[in-house]
Structures are given as C-alpha cells and as structure tokens.
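Computed from the coordinates by the stated procedures, all read-outs in this text should not be read as laboratory data. Because the structure is a prediction, the values reported are computed rather than measured. Using ideal geometry, Cβ is built from the backbone for each residue, glycine included, and neighbour counts are taken over all protein chains shown.
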Amino acid sequence: MPIGEVIGCRENTWKRGNGQGRVCYTVYSMLPIADPYLALYGVMLVLFGGGAVMAIALKRIALLAWPLAAVFGTLGFLFVGLAILDLTRVYAVDLRPTSVDYRWVLYLGAMILLDAGTLMLWVYGEHAAKDHAWEYRVASNIALLLAFAVLVGIMVRPLFV
Amino acid sequence: MAHAHHFRIHEPIALAVLAGAAASLHVLWIANVLIARVRPVAEALNVLPELGPVSGLSVIGLAAYVIVFIFVAFWFRGRDCMSARDRVFWFFVSSVIAFASLTLPFVSGFGKVIR
C-alpha cells in the first residue's frame, strides 16, 4: 500500500470543533489536527516533564514523593485512555488487531511500569529519598523513563503502516 | 523506633510491587514470543475475539502481577526485607531489559511467524 493512500474514512468518527465530523486515515499520517489523541498526548508529555523534574529532585526533597506518585498514577490512567483511543482509531477504519502488535505490547509494559512506580512511591515514598532506599528510587526513575520512551515510541511509529 | 516500625510495615509492599512488575514483564515478553510462534497459544489467549490475542496477553500480565504481589507481600510480612531488597531490584532491572529487548519486532518475530 503506497504511503499516503487513504485506507479508511468514516462519518462522525470524532466530534470535532470544525463541524466536519469526518476523519480520514492515511497509511503514513493518521492524526488530524485537533484530534483528542493529540491533546491527550500533549497532556501526558507535560506530566512527564513535571514528573522528571520531581524525580531528579527526589533525592533532596523527600516530600516530592507523594506528588510524584500522583503524577505516576495520573499517567497510568492516561496511558489506558491513550490505548483506548488507539483502539478506537483501529475500529474506526474497520480494522481488527489479529495479532499482538508491538504497539499494544508497549502499552502493556508502560502501564505495568507506571502502576509499579505509583504503588512503590505511594507505600514507600517517604523513605525513597534516603540512601538505604536507593533501589526504590532508581526503580521509580527507570519506570518513569521507560514509560516516557514508550510514549515517544508510540507516536514515532504510526498506527497504520 | 517509630520510624523503624513504619519502615517494616511498608517495605514488603514496595518489594511486592517491584517483584510483581518484574514477573509480569517476564510473562509478557514470553507470551508475546509464544503467540507469534505457537498457534494454540495464540488461540488460547484470544479471550476477546474483537481485540485479538492482546486481550489474553493483558489478562495474564495482570494475573501474574497480582499473584506475585500477593505472594511476596505475605511472604515478607513482618520479616526483615534488607536481604531481599537488592535481589528484587536486580530482578526488576533484568526483567525491564528482557522486556525491552525481546519484544522488539525483529527479535520476537525472528524466524517463522504464524499469520
């Protein structure tokens, strides 16, 4: 299938502000402007930025563990939302996932890492800044960084290729 | 003393979280490889036909997480976790490396792939 070819159109796929209510997906570029997917993606990038700053400062400011856990938890839910939106886009063009695509495996891995980071900081956050708990601090940083990498990877790899 | 008491209450949960996530990531990459290569496994994990095998993959990933979490949390409840902390951490690191490398499409899909 050539790059750029339209592979599916459907009426009222998204309720869009311009009143068109029609979205066409192409092989190469599947994200129209003002797609809720993009808005959700932007919010997640901002949260990841805030989480990264807090994670870097966690060694010095132990009180940041709770806000960081909140960021992790929110990102976990947003990842579920992003996966649902992705599935919606697949359904919108009458495609069905017949195998486990790399994309869905990455979604699962990111959700597990984010849930682990949230729970770990929630129950052990106040100790995470201390030297004897460096394992938990490093593990939460790994979870945050990998989930961010997954988010970037999901956008870099188009859904319809 | 109060700090030590608090420490003992929470660390088994933190350990269980790490162990559960690590086990779940290992289950996910192994199942991902099996789905691509063994047709009965792919069919067995096709829990929701609308979603395909990814539905079963989600279920067993979650199940592995919950089972290991409960087991480790109860196992270390009231015990000293100091000796296990390092081992569980490196188990988590190894699972992250395994998941990140062995789910890459050109690695997991190398060789015969069932369509």
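Applying the Karplus relation 6.51 cos²θ - 1.76 cosθ + 1.60 with θ = phi - 60° to the range A:41-58 yields 3J(HN,Hα) values of 4, x, 4, 5, 4, 4, 4, 5, x, x, x, 5, 4, 5, 5, 5, 7, 4 Hz, where x marks Gly and Pro.
Averaged over the residues of peptide A:105-118, the number of Cβ atoms from other protein chains lying within 10 Å of each residue's Cβ is 6. Modelled label positions at B:ASP80 and B:ARG39, each set 7 Å beyond Cα in the direction of Cβ, lie 5.6 nm from each other.
The dipole here belongs to the range B:10-108: it is taken about the Cα centre, uses +1 on the Cβ of Lys and Arg and -1 on the Cβ of Asp and Glu, and is about 160 debye.
If R0 is 22 Å, the Cβ-Cβ spacing of A:ALA70 and A:VAL152 corresponds to a FRET efficiency of close to 0.50. The shape of the range B:10-108 comes out oblate: with a ≥ b ≥ c from the C-alpha gyration tensor, a/c is at least 1.5 while a/b does not beat b/c.
Peptide B:99-108 has a mean shielding of 3, counted as Cβ atoms of other protein chains within 10 Å of each residue's Cβ. For chain B, a Gaussian network of Cα nodes joined below 10 Å ranks B:SER95, B:SER55, B:SER24 by mean-square fluctuation, and the top entry is B:SER55.
Neighbouring Cβ atoms from other chains, within 10 Å of the Cβ of residues in B:56-68, number 2 on average. Mean sequence separation of contacting Cα pairs (under 8 Å, at least six apart), scaled by the length of the range B:10-108, corresponds to a relative contact order of 46 percent.
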